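Down below is the structure, laid out as structure tokens.
The values are calculated or read from the model by the stated rules, or taken from the named source; none is laboratory data. Please read all numbers here as calculations on a predicted model, not as lab measurements. Here the Cβ is made from the backbone with ideal geometry for all residues, glycine too, and neighbour counts use every protein chain on show. Protein only, heavy atoms only, side chains kept; ligands, DNA and RNA dropped before computing areas. Shrake-Rupley method; radii C 1.70, N 1.55, O 1.52, S 1.80 Å.
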Amino acid sequence: MMKTSLYYKIVWSALHLFYRKPKTTFEIAPDDEPSVFVGNHSSIHGPVLMTLFFPRKHKTWVISCALDPSKCANYAYHDIFFGESRKHKRIWRFFGQLIRIALPPLLRDADTIPVYHSAGITKTFRQSLAALQDGDDLVIFGESPARFSEYVHELQPGFIDLAKLYYRKTGKKLKFYPFYAERKTKTIAVGAPVAYDPAVPLPMQRDQTATYLRDSIDRLGRSLPPHTPVPFLPERWYSAYGQYEQDVMGYWQLME
């Protein structure tokens, strides 16, 4: 785990001023086998809480254009600033250029795995398998723009295919743990896992696993003390980008 750059240390030390250490709870304590943890994005709060405080050694999936300086400005304009929902779009394009300078080197030092789409997803799976075989967990924020509840959106199920590849390579049944990360209540709540079953056809298993994880994340959020959930995407996103709510690939193409 390489987190040695001065820039990285300064930024994450500064974030400690705004984020207090949460309590991490497990409904079922994980064993020593590497696993996949799937949870709510909660704007930036989920990734920050998991990077700073999750107690298990892990790597995090991150959208590839956030790591690519040639694409990061456009990604930031749409996915961080929701630029099409705002006036004075040139200003938000300018802020996107600032993010292009600041974000990629920070993420590269944060034990991330870039997530590509289409043919590039093989790179993501290859790096993910290597991480699992090295004993690292994976942390995945798999929400799509499609809304489910105030606690979690629908999940993109493609990451579940990783379990079939891992089983072929190791003979082990990969476990997926749902989690709900919440800043105000200082909580990372981890639910009971679901394991890959090689006897179940993959298309059926995608649906079953994604539904279980989504419902479990929702349940974990509802089980916490009263709080105001922070959605993956704010309401203003839907006024400007609503045509992409059911078109994840179209939105990815827009950001790239």
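Counting pairs of alpha carbon atoms under 8 Å apart in space and at least six apart in sequence, what relative contact order in percent does the chain give?
It comes to 29 percent, rounded to a whole number.
The apolar share of the surface of the chain, taken as the fraction of accessible area on carbon and sulfur atoms (1.4 Å probe, ligands and nucleic acids excluded), comes to 56 percent. Cα-based radius of gyration for the stretch 1-104, normalised by 2.2 N^0.38 Å, reads 1.27.
Modelled spin-label separation between K21 and A199, with each label point placed 7 Å from Cα along the Cα-to-Cβ direction: 4.4 nm.
Can you give the Rg to Rh ratio of the stretch 100-200, both from alpha-carbon atoms, with Rh computed by the Kirkwood formula? Please report the intermediate quantities before stating the final value.
Numbers: Rg = 15.3 Å, Rh = 15.6 Å.
Rounded to two decimals, Rg/Rh equals 0.98.
Can you give the log10 of the normalised intensity I(q)/I(0) at q = 0.09 Å⁻¹, computed with Debye over equal Cα scatterers of the chain? Relative scattering, expressed as log10 I(q)/I(0), comes to -0.39.
Alpha-carbon geometry of the stretch 36-188: the Rg and the Dmax are 16.3, 55 Å, given in that order.
Helices in the chain, meaning DSSP H runs of at least 4 residues, each add -39500 (n - 2.57). Divided by all residues, the mean residue ellipticity at 222 nm is -13000 deg cm²/dmol. Placing unit charges on each Cβ (+1 for Lys and Arg, -1 for Asp and Glu) gives the stretch 1-114 a dipole about its Cα centre, and among N74, S64, F37 the Cα reaching farthest toward its positive end belongs to N74. Placing unit charges on the Cβ atoms of the charged side chains and taking the dipole of the chain about its Cα centre, the candidate lying farthest along the positive direction among T24, I99, Q127 is I99. Between the amide H of T187 and those of K23, E182, distances stay under 5 Å, these residues lying 5 or more places away or on another chain, with hydrogens modeled in the peptide plane.
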